[in-house]
Amino acid sequence: MYKFSDRIKNMDGTATREILKLTSKPDIISFAGGMPGTCCLPNDIIREIASDILGNKSAVTTLQYGQSEGVKEFLETMRGYMGELGLKGVELNNLQALSGGQQGLDLMCKAFINKGDTILVENPTYLAFLQIANTYEANVVGVDADDNGLILSDLEQKLNKYKPKLLYTVPTFSNPTGKTYTAENRKAIVELCDSVGTVIIEDDPYGRLRYDGKDVPLLKSFDKTGSVVYITSFSKTIAPSLRVAVACGAPEVIRKVTIGKQNTDVHNPALTQLIVSEYFARGYYYKKLEENKAIFKERKDAMLFALDKYMSKEVVYTRPNGGLFIWMTLPEYIDAKAMLPEAIEKKVAYIQGCEFYADGSGKNTMRLNFSNSDTDRIDTGIKIISELVNKKIKEHKA
């Protein structure tokens, strides 16, 4: 009956829809979403700041249409924040306010990708980016990775073979694996991409959520030619529903992103941008961040403790120093997607790993989120998943 576009037919939102459905059911212990714990959301602080802004600023400032690039106060705050992250010489024309980091990914594809253009991604990578790339009818090719980051020989071979328009990476506490690229790996990635004219998207929603070890320089910090666009969001570090993020890149690229945004939603809400700016100005950002990190670390450690306690030694899982996720690799004969209905029947949910691979592989993998469950529910949920996995291992050996 309906003659939908070919572009929308390429979109498969099934996994994302199921994540949201599962996390909304109180009887489900959900390790599926990538949400901060509800107890970490600064409700009272946001109420205080929003009330002050609406009481002290005019309707023209807070409720009227604004410039597509972003509210000046917010952009000035972000310029200072970029400096704190190690990016020097950032000007306002390097910045674009975004309605969540994911909008930045969409606008970058809108700016660069024609049908059939190649995008390189890490294997595995953020599932929503794969869906976005499919919308733009891109040819998405996975690059193998190890504990240091992208495997440089594989990256170089695919850069030379495909001459990709974009390389998409989540180099710090990666979604889904939780791994972090080394500084040496980041520098080499930038140099290799420069050599063939490939633009890099550095997606960094989790970089401030470090619980152990030392910070690694941003991939953008190695950029000498304007080939890296850095995108960071405040969904994980302040509140997801504010939908506030920022892109930092060469003015020529940011200008195209701005034009794309004008045709999408005109501009971000001024109120939420001002809330984030004032959140920084009043000193809440780093104070609240430290409080939340202590909670997330406790939950991460609880999940690793439960995995060590209950899970078969034949199962491998990452031990991230930050972020929100643990990545688990099962024996090859176990299909995590096929096992998911069994887990849901027992009131536990995770995300099957095949959703994060460009070629649909990784059937024996899964992503576990630890930030949105308390330690008791983590222990209970991991025990249930472990019992399912251990049973399948035992049956296979029988």
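Let me confirm something: among VAL244, VAL229, VAL276, which residue is crowded, with 20+ Cβ neighbours inside 10 Å, over 20 Å from ASP44 (Cα atoms) and either of a type in the set (A, V, I, L, M) or at pLDDT below 95 (or both)?
Exactly one residue qualifies, and that residue is VAL229.
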* To do: Could you please find all residues in the stretch 174-205 being assigned to a loop (DSSP other than H, G, I, E, B) and either open to solvent by less than 10 Å² (accessible area, probe 1.4 Å) or polar (S, T, N, Q) (or both)?
  => SER174, ASN175, PRO176, THR177, GLY178, THR180, TYR181, THR182, THR198, ASP204
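With the requirement that a residue be assigned to a loop (DSSP other than H, G, I, E, B), buried (at least 20 other Cβ atoms within 10 Å of the Cβ) and without any contact (Cβ under 8 Å) to a residue 60 or more places away in the chain, what does the stretch 217-226 give you?
ASP223, the sole residue that qualifies.
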* For GLY381, state whether it is open to solvent by less than 60 Å² (accessible area, probe 1.4 Å), assigned to a loop (DSSP other than H, G, I, E, B) and farther than 29 Å from VAL216 by Cβ. => no
* **Lone qualifier among TYR317, TYR286 - being of a type in the set (Ser, Thr, Tyr), on the phi < 0 side of the Ramachandran plot and loosely packed, with under 15 Cβ neighbours inside 10 Å** => TYR286
* Subset of the stretch 354-378 (residues that are out of contact with any Asp or Glu (no Cβ under 6 Å at 6 or more places or on another chain), surrounded by fewer than 24 Cβ atoms within 10 Å (Cβ to Cβ) and of a type outside the set (Ser, Thr, Tyr)) -> CYS354, ALA358, ASP359, GLY360, GLY362, ASN372, ASP374, ASP376, ARG377
* Asked: Any idea which of VAL266, VAL246, VAL276 is in a helix (DSSP H, G or I), touching a Phe, Trp or Tyr at 6+ places or on another chain (Cβ under 9 Å) and of a type in the set (A, V, I, L, M)?
  -> VAL276
* To do: Starting from the stretch 134-148, take each residue that is within 17 Å of LYS163 (Cβ to Cβ) and list its partners that are at pLDDT 95 or above and among the aromatic types (Phe, Trp, Tyr), counting only C-beta distances under 7 angstrom and pairs at least six apart or across chains.
  => VAL141/TYR162; GLY142/TYR357
* How many residues are farther than 14 Å from LYS214 by Cα and of a type in the set (S, T, N, Q) if we restrict to the stretch 176-193? -> 2
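To keep it simple, each residue is scored yes or no on (1) of a type in the set (Ser, Thr, Tyr); (2) open to solvent by less than 20 Å² (accessible area, probe 1.4 Å); (3) in contact with a strand residue (DSSP E or B) (Cβ under 9 Å, 6 or more places away or on another chain); (4) modelled with pLDDT of 95 or more.
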residue: PHE4; (1), (2), (3), (4): no, no, no, no
residue: ILE49; (1), (2), (3), (4): no, yes, no, yes
residue: ARG79; (1), (2), (3), (4): no, no, yes, yes
residue: GLY100; (1), (2), (3), (4): no, yes, yes, yes
* Looking at LYS347, is it among the basic types (Lys, Arg), over 30 Å from LEU167 (Cα atoms) and over 27 Å from the mean Cα position of the chain (by Cα)? -> no
* Structure fact -> Considering the stretch 58-77, residues that are outside any helix (DSSP H, G or I) and surrounded by fewer than 14 Cβ atoms within 10 Å (Cβ to Cβ), and then whichever is modelled with the lowest pLDDT, we arrive at SER58
* Residue check, GLY80 within 30 Å of TYR181 (Cα to Cα), part of a loop (DSSP other than H, G, I, E, B) and not β-branched (Val, Ile, Thr) -> no
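The values are calculated or read from the model by the stated rules, or taken from the named source; none is laboratory data. Quick caveat, the model's predicted, so the values are computed rather than measured. Cβ coordinates were reconstructed from backbone atoms using ideal geometry, including for glycine residues, and neighbour counts include every protein chain displayed. We work out accessible area using only protein heavy atoms, side chains counted, and drop any ligands, DNA or RNA first. Shrake-Rupley method; radii C 1.70, N 1.55, O 1.52, S 1.80 Å.
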